[in-house]
2 protein chains.
Amino acid sequence: MQTPLIRPAVTAADRVLLEIQRAIVEGDIAAGSKISEPELAKRFDLSRAPLREALARLERCHLIERIPNAGARVVKLSTQGLLSLYQLRETLEGLACRLAAEHMADSEIAELRALLDQHLSTQRVREGESYYQEAGDLDFHYRVILGSKNAYLINILCDELYHLVRMYRVQLGMNGPRVSRAFDEHKAILNAIANRDGELADLLMRRHIAASRRNIEKQLEQTGT
Amino acid sequence: MQTPLIRPAVTAADRVLLEIQRAIVEGDIAAGSKISEPELAKRFDLSRAPLREALARLERCHLIERIPNAGARVVKLSTQGLLSLYQLRETLEGLACRLAAEHMADSEIAELRALLDQHLSTQRVREGESYYQEAGDLDFHYRVILGSKNAYLINILCDELYHLVRMYRVQLGMNGPRVSRAFDEHKAILNAIANRDGELADLLMRRHIAASRRNIEKQLEQTGT
DNA sequence: AAAGCAAATATTGTCGACAATAAGACTAAA
DNA sequence: TTTAGTCTTATTGTCGACAATATTTGCTTT
């Protein structure tokens, strides 16, 4: 899935932001490692001004942590952090679902249903390939969030937490056997939205994310605490 | 109340951020007006580099909106925006309450109770003065949020939404007759937290914020849609 | 007179260099 | 040998100037 809601990268800071974002999420720049401005500037062949702009935005989406006069470090993944993140997502995406049930246009709901059908066929063809599943999952969530029509909520979920969620998924190797089950859950959520049952949509989405969290936690235990 | 959770302003960008933040919140820089980097740089007597750093953070807390190559504007207040903001606050601070009921130490709860008692006496002395009430209200909410111990939640509420909430309150002239009632509601929330009843604390906080929202909306209607 | 185009102007984005602060290396004393 | 302090080095914060983009102004054309 192409990163959502992001304006076309018109400026140099935009471009380098996308590159560094990808590098961090995929572990190309190691979690916990120090960020050197001169080094990155050389590596991406631009001056420090746009680079610092990019770093400011990386801090915004919690991918790095900056200390004044001391520099930036890539965020460290932790069980505690994962828990906090999913705790928040449960509540926020639940709210998004409730609002989506109120605000999504019938046409948008129809499109979302079409998307799910498409995921189903894709899933059958590409059985086991995690990338498509992940992209599909995120795409579904993404559309529901947009359907809430709450600008602040959209900003938080799509801009500020989205990449961190991806980072946890990628670096913990989330491919898992949850594919088909997640698909059914999506379907149920969509039905609730289509029935304009915000309360049920909220509940189902919270459960969906809680299940996803437990799944990741299980992987964490296997890898090592 | 001193602005919370903000590191001591060590850098020039920090200082100018605080100044501009205050200016925007209090309407000293008009809502909807254009931000001129050269003008502000001259006004605060520094170069554009730290100023732009400050602008990036102002965008982060939704006080300005930037368009690439076209500049920044102070955010415009709207009924729609207010509704979205309070919708989100309801959910988030409800969650914060629930978590606070789980995670706050007994000592923290005791301190919070002391704070409320102090508010009560202050309120009796300074009957009608809005500043103290607002500060007290925000301080109570602030402590509960910190009590949640969820770093992402704290960041969103205290860093990203806090100043915008203040902006609505200040510019819509929120002093209102809700003082004593809000105080009672705080007391009830605290009791729920002290009883470790997260569910009730959640519910009460949501109602508290909903009441606050309705109060502001009433003011909005009086002023003009 | 109105609309569309073109030059001029102003603003934002980027750059390289300097200043201020923090991290690291080295020396000296216990 | 360890520890404290100082000096060196490297990194971040800030500056002023230049390049690229958007806005405004004025002119031309219908």
Any residue that is at pLDDT 90 or above, of a type in the set (Val, Ile, Thr) and touching a His at 6+ places or on another chain (Cβ under 8 Å) - is there at least one of those in the range A:156-168? no
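Of the residues that sit in the range A:43-58 and are among the aliphatic types (A, V, I, L, M) and more than 9 Å from DNA strand C (Cβ to nearest atom), which one is nearest to B:Ile67 (Cα to Cα)?
Top of the filtered list is A:Ala56.
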Only one residue in A:Ile35, A:Ile24 is more than 14 Å from every other protein chain (Cβ to nearest Cβ) and away from DNA strand C (no atom under 16 Å from the Cβ), so which one is that? A:Ile24
Taking the range B:61-78 as the search range and keeping residues that are part of a loop (DSSP other than H, G, I, E, B) and among the small types (Gly, Ala, Ser), which one is nearest to DNA strand D (Cβ to nearest atom)? B:Ala70
Might you let me know whether the range B:46-59 holds any residue that is more than 12 Å from DNA strand D (Cβ to nearest atom), exposed (fewer than 14 other Cβ atoms within 10 Å of the Cβ), more than 10 Å from chain A (Cβ to nearest Cβ) and not in a helix (DSSP H, G or I)? no
Mind checking which residues of the range B:141-151 are buried (at least 21 other Cβ atoms within 10 Å of the Cβ) and touching a Leu at 6+ places or on another chain (Cβ under 7 Å)? B:Ile145, B:Ser148, B:Asn150
With respect to the numbered conditions (1) more than 24 Å from A:Glu102 (Cβ to Cβ); (2) in contact (Cβ under 8 Å) with a residue 40 or more places away in the chain; (3) not aliphatic (A, V, I, L, M), which one is the sole condition not fulfilled by B:Arg66? (2)
Looking at the range A:64-110, which of its residues are among the small types (Gly, Ala, Ser) and under 15 Å from A:Tyr168 (Cβ atoms)? A:Ser78, A:Gly81, A:Ser84
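Scan the range A:152-167 for residues that are touching a residue at least 12 places away in the same chain (Cβ under 8 Å) and facing chain B (nearest Cβ under 9 Å) and jot them down.
Answer for the range A:152-167, where residues must be touching a residue at least 12 places away in the same chain (Cβ under 8 Å) and facing chain B (nearest Cβ under 9 Å): A:Leu153, A:Ile156, A:Glu160, A:Leu161, A:Leu164.
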Within the set of pairs 6 or more residues apart or between chains, which connect a residue that is in contact (Cβ under 8 Å) with a residue 60 or more places away in the chain inside the range B:25-52 to a residue that is in a loop (DSSP other than H, G, I, E, B) and more than 10 Å from DNA strand D (Cβ to nearest atom) with Cβ atoms less than 7 Å apart? B:Ala31/B:Val75; B:Ala31/B:Lys76; B:Ala31/B:Leu77
How many residues, within the range A:13-42, are under 18 Å from A:Gly71 (Cα atoms) and not in a helix (DSSP H, G or I)? 8
Given the criteria over 20 Å from B:Pro50 (Cβ atoms), surrounded by 14 or more Cβ atoms within 10 Å (Cβ to Cβ) and touching a helix residue (DSSP H, G or I) at 6+ places or on another chain (Cβ under 9 Å), does A:Ile35 qualify? no
Is one or more of the residues making up the range B:85-105 in a helix (DSSP H, G or I), of a type in the set (Phe, Trp, Tyr) and modelled with pLDDT under 95? no
Looking for something more than 10 Å from chain A (Cβ to nearest Cβ), under 18 Å from B:Met167 (Cα atoms) and among the hydrophobic types (A, V, I, L, M, F, W, C) - is there at least one such residue anywhere in the range B:82-105? yes
Looking only at residues in the range A:66-78 that are within 13 Å of DNA strand C (Cβ to nearest atom) and surrounded by 12 or more Cβ atoms within 10 Å (Cβ to Cβ), which one is nearest to the other protein chains (Cβ to nearest Cβ)? A:Pro68
Output yes when any residue across the range A:15-37 is over 21 Å from A:Met167 (Cα atoms) and not assigned by TED's automatic domain parsing to the domain that holds A:Leu172, and no when none is. yes
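The values are calculated or read from the model by the stated rules, or taken from the named source; none is laboratory data. All of these numbers come straight from a predicted model, not from anything done at the bench. FYI the Cβ positions are ideal-geometry reconstructions off the backbone, even for glycines, and counts take in every protein chain you see.
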